[in-house]
Amino acid sequence: MIRIALLVAGKDLRIERRSRVLLWQVLPFAVMALVLCGLALGPNHAGRSSAGPGLFYLVMLLVTLLMINRSQVIEGARGTRTSVATLGLDPAGVFLGKALALAVELWLTGVVVLAGAVLLLHTALVGSAEALPSVLVILAALAAAGTLYGALSGGGQGPATLLPVLSFPAFAPLLIAGERSYSDALHGGALWQWWVISLVALVAYVAIGILLYGVLEES
Amino acid sequence: MSSPTPVVALRDAVVLEDGYPLLSGVTLDLDAGTLSVVTGANGAGKTSLLRLLGGLTTLSSGSGVVSGVDLRTGDLRQLRRRVGWLGHEGSFYDDLTVRENLTFAAKALGRPVEEIARVLDRVGLANRVNIQAKRLSAGQRRRLGLAWLLLRRPEVWLLDEPYASLDDEGRTFFDGLIGDVVASGASVVVSAHDPLRSRALSPRTIIMAGGRIAGDLS
């Protein structure tokens, strides 16, 4: 399972590096979304607002949806799906590999968006740095849940509108935990309970994905 | 004298998609180590038949056994590992190079990556190893698909319209390679649109129309 996971993750990341969708499409989109959030708050409020963590996760949620679609589209061509199906890859390994590649892409984007939040929304630099570990855990959980829901919504062949509808209820607890932990990091609150919630969510989504990904692929 | 072992045995096979019959009551036996051609007009059910044989779609009613796997009760994943599929739409990752695609397949199958050079030589793509798949011509893409299959060495080769948009040289190359595969003991099922080519290619031609077998010329 681990061998297949590393193989699939390596393949997805190589395709991403080659196609540069993350660099030229997703990152500019994330920065533009942050700018719009700053404009929505207004120049006088952006620096004083406590909305920074929530807006950071809102932008990351939109980025996650784009990246899930992208991750599924890689496998979406009918001929590719068929050929890869005949390789008989362990579905648990495929799930872990796709989730790992998506997590790496979200981590890269998350670091850029976090820096953007400091610059554009004036969130505190030290607090944002303290929030970084919890951000990475939440993004990994979003990647695991997103890979699962990407397969559930048709694996790149279903309607694009189905993914947000299906996945938002699953993402909501992660976003709440993420927003709370980032806010606590900014304002000196206790972080550990949000860490526990984030880690439990990550483990749960990985376990569910390992168990169900094969069934979703078959269906 | 013992009769040849059937690699495919379908009995009244029906495949429905959203209630619409893609295959209706197909009964078919194909012997192991032979080449069979499935022909018919667009929408006749050629691709649906090949997908059923590959365990890529499920049987709605009837029964069938392919390469020893029961299509109703058997493990379709196991069947898929025994078949190789080549479609006309491309069968790999477009953003990866020829070598990267084959390395992925070799590692997934646990095959030594040294075999890649051998299969690339065989299909005539040895000078295209670092080209992205999306930059290959239609004929070269088809050869890459063949290289993927040669690396896999499946028991049953399912080739869906492999001659589409190939020039004469490409078709001749395909004919030679298919002949070698059959000579090595594998079973090959080719769907082809052109009845004349079908007759030239194989002594066994199955004619499909409306999801049914309309003729079987042996």
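Just so it is clear, none of the values below were taken in a lab; they were calculated from the coordinates. In this text, all values refer to a predicted model and were calculated from it rather than measured experimentally. Backbone-built Cβ (ideal geometry, glycine too); neighbour counts: all protein chains shown.
If you rank B:His88, B:His193 by fewest surrounding Cβ atoms within 10 Å, what's the result? Walk me through the intermediate numbers first.
Values: B:His88 20, B:His193 15.
Ordered by Cβ neighbours within 10 Å, fewest first: B:His193, B:His88.
Report the one residue of B:Leu76, B:Pro112, B:Ala164 whose Cα lies farthest in the direction of the positive end of the charge dipole of the stretch B:50-164 (charges on C-beta: Lys and Arg +1, Asp and Glu -1; origin at the Cα centre).
It is B:Pro112, whose Cα lies furthest towards the positive end.
Using the charge dipole of the stretch B:6-217 (Lys, Arg: +1 at Cβ; Asp, Glu: -1 at Cβ; taken about the Cα centre), state which of B:Val65, B:Thr27, B:Leu102 has its Cα farthest towards the positive end.
Value computed over the given set: B:Leu102.
Are there any helices in chain B, counted as whole DSSP H runs, that stretch 20 Å or more along their axis by Cα and score at least -1.0 on average by Kyte-Doolittle, and if so which? Walk me through the numbers on the way to the answer.
Working: long enough: B:138-152 (21 Å, -0.04); B:168-183 (22 Å, 0.23).
The qualifying helices are B:138-152, B:168-183.
Take chain B, connect every pair of alpha-carbon atoms lying under 10 Å apart with a spring to form a Gaussian network, then pick out the residue of B:Pro203, B:Pro112, B:Pro154 with the largest mean-square fluctuation.
B:Pro112
Can you tell me the dipole magnitude for chain A around its Cα centre, using point charges on the Cβ only (Lys, Arg +1; Asp, Glu -1), in Debye to the nearest 20? Please report the intermediate quantities before stating the final value.
On the way: 12 positive and 10 negative charges, 97 e Å.
Using Cβ point charges on Lys, Arg, Asp and Glu, chain A gives about 460 debye.
Counting only other residues whose beta carbon sits under 13 Å from that of B:Arg11, what net charge do I get with K and R as +1, D and E as -1?
-2
With runs of 4+ DSSP H residues as the only contributors, calculate the mean residue ellipticity of chain B at 222 nm using -39,500 (n - 2.57) per run, divided by the residue total and rounded to the nearest 500. Numbers along the way, then the final one.
Values: 7 runs with 74 residues, N = 218.
The helix-only estimate for chain B comes to -10000 deg cm²/dmol at 222 nm.
Which of the lysines could a cross-linker bridge to A:Lys98, judged by Cα under 19 Å and excluding same-chain residues fewer than eight apart?
A:Lys11, B:Lys107
For chain A, what is the calculated [θ] at 222 nm in deg cm²/dmol (nearest 500), taking -39500 (n - 2.57) for each run of four or more DSSP H residues and dividing by its residue count? Walk me through the numbers on the way to the answer.
Numbers: 8 runs with 174 residues, N = 219.
Result for chain A: -27500 deg cm²/dmol, rounded to the nearest 500.
First select every other residue whose beta carbon is under 12 angstrom from the beta carbon of A:Met60; then total the charges, Lys and Arg +1, Asp and Glu -1. Could the numbers behind the result be given before it?
On the way: positive: none; negative: A:Glu105, A:Glu179.
Net charge in that neighbourhood comes out at -2.
In a shell of Cβ-Cβ distance under 15 Å around A:Gly214, excluding A:Gly214 itself, what net charge do Lys and Arg (+1) and Asp and Glu (-1) give? Don't skip to the end; give the middle numbers.
Working: positive: A:Arg81, A:Lys98, B:Arg77, B:Arg80, B:Arg81; negative: A:Glu75, A:Asp90, A:Glu217, A:Glu218, B:Asp75.
Summing Lys and Arg as +1 and Asp and Glu as -1 gives 0.
With 5 Å bins from zero, work out the P(r) of the stretch B:6-217 over every alpha carbon pair and list the percent per bin.
Once binned at 5 Å, the Cα pair distances of the stretch B:6-217 give 1, 7, 15, 19, 20, 16, 11, 7, 2, 0.
Within 10 Å of each candidate Cβ there may be at most 10 other Cβ atoms; applying that plus a DSSP loop requirement, which chymotrypsin sites (Phe, Trp or Tyr not before Pro) in the stretch B:140-218 survive? Don't jump to the answer; show the numbers that get you there.
On the way: sites: B:Trp148, B:Trp157, B:Tyr163, B:Phe173, B:Phe174; in loops: B:Tyr163.
Sites meeting the loop and neighbour criteria: none at all.
Restricted to Cα positions, what overall size does chain A have along the principal axes? Three whole-Å values, descending.
Largest to smallest, the principal-axis extents are 58, 34, 28 Å.
Calculate how steeply helix A:125-152 sits against the longest principal axis of the alpha-carbon atoms of chain A, using the helix alpha-carbon long axis, and give the answer as 0 to 90 degrees to the nearest 10.
The helix A:125-152 is inclined about 30 degrees to chain A.
For q values of 0.24 Å⁻¹, compute log₁₀ I(q)/I(0) with the Debye formula on a Cα-only model of the stretch B:130-211, without solvent.
Debye intensities relative to I(0), on a log10 scale: -1.33.
Based on the Cα gyration tensor of the protein assembly as shown, what are the three equivalent ellipsoid semi-axes, each the root of five times an eigenvalue, rounded to whole Å and given largest first?
49, 22, 18
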